[in-house]
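The values are calculated or read from the model by the stated rules, or taken from the named source; none is laboratory data. The structure presented is a predicted model; accordingly, all values stated were derived computationally and were not measured. Note that we place each Cβ from the backbone using ideal geometry, even for glycine, and neighbour counts take in every protein chain shown.
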Amino acid sequence: MAKILIVEDEPGVVDLLRALLAAEQHTVEAFSSGQQALAALRVFKYDLVILDLKLPDLDGMEVCRQYRAHGGDAPIVMLTARGDVDDRASGLDAGADDYLAKPFHVKELSARVRALLRRPAARRADILVAGQLKLDLRTRTVEWTGRRVPLIPKEFDILAFLMRHEGEAFSAEQILERVWPSDASIQAVTIRTHIKNIRRKTEALGAATLIQHVRGLGYVFEASACSRS
Ligand code: CA
């Protein structure tokens, strides 16, 4: 028995999924908007998310990206239109684990759900640790050698995102796209300021430069820098 979140705006599909998953003894919750789903995902834990690609507000891809950027680790099945290979590729790229084309056969869905629920939670990481740096996604706190780093929420989000993608470089624009809602009226220069502040606050506690800037590529979180102090 698992707790499953359905994010889908077509009532017929929601009813079908509900009936099917309830018959398999799962606890089911459903939202018809991406924003509502993200709000629930921030507060509650689900074992699996079934996410429609075409939602009235944020699309499924964006929901997926934001959920993953904030450390969400539940497996995600993306519902797409049949045969849309591009959607599948970008869905998997955004952090979905599997996809299912609509209209789907109930047995097909059942099989995917069972397979994903059996999969060990490889991505499970409520607490990210790199050397002396510890970031807790549930309490949204960061510590360096056990001492609290006083980050504001956006600084925390950026650091969490970069830690989850350790060793990968992202430009300020890419960080903006991945960490902020797509309708945010925020500029790349703000990202640079936030990163400067993350550095200043961690260095004030004796850390080395945790986020490097690589010319032409962008910002990289270096776990190796976290063992020095
Ligand atoms: Ca839809």
* Asked: Of (1) under 28 Å from Val142 (Cα atoms); (2) crowded, with 17+ Cβ neighbours inside 10 Å; (3) out of contact with any strand residue (DSSP E or B) (no Cβ under 9 Å at 6 or more places or on another chain), Val43 satisfies all except one. Which?
  -> (2)
* To do: Might you let me know whether segment 19-27 holds any residue that is outside the structural domain of Val129 (by TED's automatic domain parsing) and either touching an Asp or Glu at 6+ places or on another chain (Cβ under 7 Å) or within 16 Å of the ligand (Cβ to nearest atom) (or both)?
  => no
* To do: Any chance you could count how many residues in segment 165-174 are at pLDDT below 90 and within 17 Å of His70 (Cα to Cα)?
  => 4
* Structure fact -> With the first residue restricted to segment 43-54 and required to be among the aliphatic types (A, V, I, L, M), and the second required to be more than 16 Å from the ligand (Cβ to nearest atom) and part of a loop (DSSP other than H, G, I, E, B), Cβ contacts under 8 Å at 6 or more apart or on different chains are Leu48/Ala2; Leu48/Ala74; Leu48/Pro75; Val49/Ala74; Val49/Pro75
* Taking into account only those residues within segment 175-203 that are modelled with pLDDT of 95 or more and among the hydrophobic types (A, V, I, L, M, F, W, C), which is farthest from Met61 (Cα to Cα)? -> Ile198
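Residues to consider are Thr209, Thr202; find the one that is touching a residue at least 12 places away in the same chain (Cβ under 8 Å), surrounded by fewer than 17 Cβ atoms within 10 Å (Cβ to Cβ) and not assigned by TED's automatic domain parsing to the domain that holds Gln66. Before you say what the answer is, go through the steps one by one.
Working: Thr202 fails: surrounded by fewer than 17 Cβ atoms within 10 Å (Cβ to Cβ).
Among Thr209, Thr202, only Thr209 is touching a residue at least 12 places away in the same chain (Cβ under 8 Å), surrounded by fewer than 17 Cβ atoms within 10 Å (Cβ to Cβ) and not assigned by TED's automatic domain parsing to the domain that holds Gln66.
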* Inspect segment 214-224 for any residue being touching a residue at least 60 places away in the same chain (Cβ under 8 Å) and under 19 Å from Arg65 (Cβ atoms) and give the result as yes or no. => yes
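Only one of these is out of contact with any Lys or Arg (no Cβ under 8 Å at 6 or more places or on another chain) and crowded, with 22+ Cβ neighbours inside 10 Å: Gly72, Gly60, Gly12, Gly34. Name it. Break it down stepwise before answering.
Numbers: Gly72 fails: crowded, with 22+ Cβ neighbours inside 10 Å; Gly60 fails: out of contact with any Lys or Arg (no Cβ under 8 Å at 6 or more places or on another chain); Gly12 fails: crowded, with 22+ Cβ neighbours inside 10 Å.
When all the criteria are applied, what remains is Gly34.
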